[in-house]
Amino acid sequence: MLVKSYSAAVQGIDAVVITIEVHIHQGVGFTLVGLPDNAVKESYERINSALQVNGLRLSGKQRVVNMSPADIKKEGSAFDLPLAIGMLAADEQIISRHLEEFIIMGELSLDGSLRPVKGVLPIALKAKTEGFRGVIIPADNVREAAVVDGIEVYGLETLLDVVRFLNDQQQFEPMHLEMSSIMQQQYSNIPDFSDVKGQENVKRALEVAAAGGHNLLMVGPPGAGKSMMAKRLPGILPPLTLQEALETTKIHSVAGILEKGKALIVERPFRSPHHTVSDVALVGGGANPMPGEISLAHNGVLFLDELPEYKRTVLEVMRQPLEDRKICIARVKQTVEYPAGFMLVAAMNPCPCGHYNDPTKPCTCSPGAVHRYLSRISGPLLDRIDIQVEIVPVPFLKLSDNTPSESSSVIRERVIKAREIQTERFKDSNGIHCNAQMSSRQLRTFCKVSEQSLQLLNMAMQRFGLSARAYDRILKVSRTIADLEGSQDIQPQHIREAISYRNLDRDSWGE
């Protein structure tokens with residue numbers, strides 16, 4: 001007898017439907033084909049134990065199991081449940097007519113209980129796309145899959161529950177979620193800017209960066225508050241849309257780091273890898289490719305503290321994702337693509353001792369040490385950072401002032417209004433959502449400046465020795481500052497503020 005059940009494999013952050021064909025005929029033995037890895041090959045032992053513990057037995061016949069398409073590698077223990085169900089159906093212990101209605105996933109314990117698996121959200125989305133009635137998954141994964149509207153999501157506890165459900169012996173209710181209440185939970189766990197004393201120029205720079213999607217570098221001595229303010233940046237970014245939340249959750253689901261019982265990631269990610277991180281851990285990859293830190297920060301913030309301490313190779317691999325907003329990982333037998341649309345926020349000391357330009361402590365570095373320290377960051381990477389802002393320690397009088405600072409919600413309202421202007425501006429531009437993503441052609445279209453502003457730019461570049469690469473960055477940031485003020489035209493004061501955010505481009509830096 002030949003029976004088919006359906007499962008799915010994850011490639012990148014998307015799923016592919018896997019058809020599991022089970023054929024029983026005369027003889028004794030078990031054969032599994034279709035490019036399974038060792039974890040899939042070991043499934044027979046887990047299945048056999050789970051069946052015996054639960055009073056189920058397979059007939060003593062020859063079984064041939066094919067997992068198609070055969071050119072896609074099947075990895076992990078998530079195929080335990082669909083393999084077990086397929087073999088029971090081939091033995092006529094399960095009504096096979098229901099099998100074509102569901103995608104089935106789950107790892108089996110030896111006692112028949114179902115353990116959670118990775119990548120359930122992209123699998124549920126694929127089930128909807130392919131017209132399946134629903135999915136049958138472990139109970140611990142049910143909230144994650146239930147965010148997909150239009151399919152039935154059944155989260156079951158044991159193998160026996162699945163058998164009884166498919167045989168119409170027991171009814172289970174599909175899981176339903178109220179998405180509006182889930183989406184309202186944004187910003188609940190993010191620190192607020194009202195706790196930050198002083199540092200008005202830095203908060204302004206963060207607001208401009210958030211409004212235009214600009215990458216930002218903070219330079220200042222230890223203890224000046226660089227990390228503290230970076231952690232508050234997600235709180236002033238626009239709220240995630242449902243589509244962005246689904247994209248973000250898919251990546252975390254595939255990586256297996258979605259919190260147990262969590263339905264959807266509704267807050268913008270904030271990833272802060274240590275400076276000892278490897279290039280593979282940052283961009284993704286490995287023997288079985290997995291998303292790295294830059295993909296886990298998709299739709300959020302990637303914060304690199306102590307930027308010059310990262311290995312040169314680690315920093316250089318970020319250049320292509322910063323431009324393309326995606327990362328492609330090529331292997332001999334497959335190529336996977338992960339999204340990487342993140343804001344890069346970095347922090348560094350100005351010199352090895354940390355006190356160059358510190359108004360309270362003298363710098364003890366040798367001549368040329370400041371330039372050598374900055375040179376650890378390559379020009380092409382620095383070129384991709386639009387805003388560079390210096391930070392100095394907050395004076396005691398500011399720290400002891402009990403006057404509340406401006407809250408994140410107030411700043412966020414201004415950022416949202418600026419983003420709405422940009423959404424309207426780029427509505428006909430495919431893939432462009434904010435000012436930081438503008439191409440050279442769009443720069444000429446949307447960043448026209450007056451003769452007075454051009455003279456100001458020319459004077460600044462000559463006086464401060466600004467590099468030619470700073471020109472485009474200044475125009476993009478100027479456009480964002482104008483959007484924050486609701487100005488249709490870029491004014492000279494917008495240019496002046498944008499120029500002030502190019503400190504590291506100045507020839508005098510480090511002298």
J(HN,Hα) series, the range 80-85, from Karplus relation 6.51 cos²θ - 1.76 cosθ + 1.60, nearest Hz, glycine and proline x: 4, 5, x, 5, 5, 5
Sequence ranges 220-227, 318-325, 458-465, ranked by mean other-Cβ count within 10 angstrom, highest first: 220-227, 318-325, 458-465
Relative packing of 211-218, 153-160, which averages over residues the other C-beta atoms within 10 Å, highest first: 211-218, 153-160
Sites THR31 and THR129 - FRET efficiency at Förster radius 51 Å, r taken between beta-carbons, to 0.05: 0.95
Degrees separating the helix 43-53 axis from the principal Cα axis of the chain, which is the longest one: 60
Mean accessible surface per residue for the range 9-154, computed with a 1.4 Å probe while every protein chain stays in place, in Å²: 40
Fraction of accessible area attributable to carbon and sulfur, the chain (%, probe 1.4 Å): 48
Helix 120-129 axis, angle to the chain major axis (alpha carbon atoms, nearest 10°): 70
Residues whose placed amide H lies under 5 Å from that of LEU32, excluding near-sequence neighbours: VAL65
Long-range HN-HN contacts of ILE327 with modeled amide H, under 5 Å: TYR338, ALA340
Rounded to whole Hz, the Karplus (6.51, -1.76, 1.60) HN-Hα couplings of the range 335-340, x for glycine and proline: 10, 10, 10, 10, x, 8
Helical contribution to [θ] at 222 nm, DSSP H n ≥ 4, -39,500 (n - 2.57), averaged over the chain, rounded to 500: -10000 deg cm²/dmol
Angle between the chain longest axis and helix 242-255 axis [Cα atoms, degrees, rounded to 10]: 70
Under 16 Å from LYS262, Cα to Cα: lysines that are on another chain or at least 8 residues apart: LYS118, LYS250
Under 19 Å from LYS398, Cα to Cα: lysines that are on another chain or at least 8 residues apart: LYS197, LYS203, LYS226, LYS361
Listed residues LEU58, LEU242, LEU302 arranged by accessible area, highest first, probe 1.4 Å: LEU242, LEU58, LEU302
Solvent-accessible heavy-atom area per residue, rounded to whole Å², over the range 431-493 at 1.4 Å: 53
Partners for LYS476 among aspartates and glutamates (Cα-Cα distance below 14 Å; same-chain residues under 8 apart left out): ASP383, ASP386, ASP489, GLU497
Gain in span if fully extended, GLU413 to SER375, counting 0.36 nm per residue against the direct Cα distance: 9.9 nm
Highest-first arrangement of 136-148, 110-122, 479-491, where packing means the average Cβ count within 10 Å: 136-148, 110-122, 479-491
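The values are calculated or read from the model by the stated rules, or taken from the named source; none is laboratory data. Just so you know, these numbers come straight off a predicted model, no measurement behind them. We place every Cβ from the backbone using ideal geometry, glycine too, and count neighbours over all the protein chains shown. Note: areas computed on protein heavy atoms with side chains; ligands, DNA, RNA excluded. Shrake-Rupley method; radii C 1.70, N 1.55, O 1.52, S 1.80 Å.
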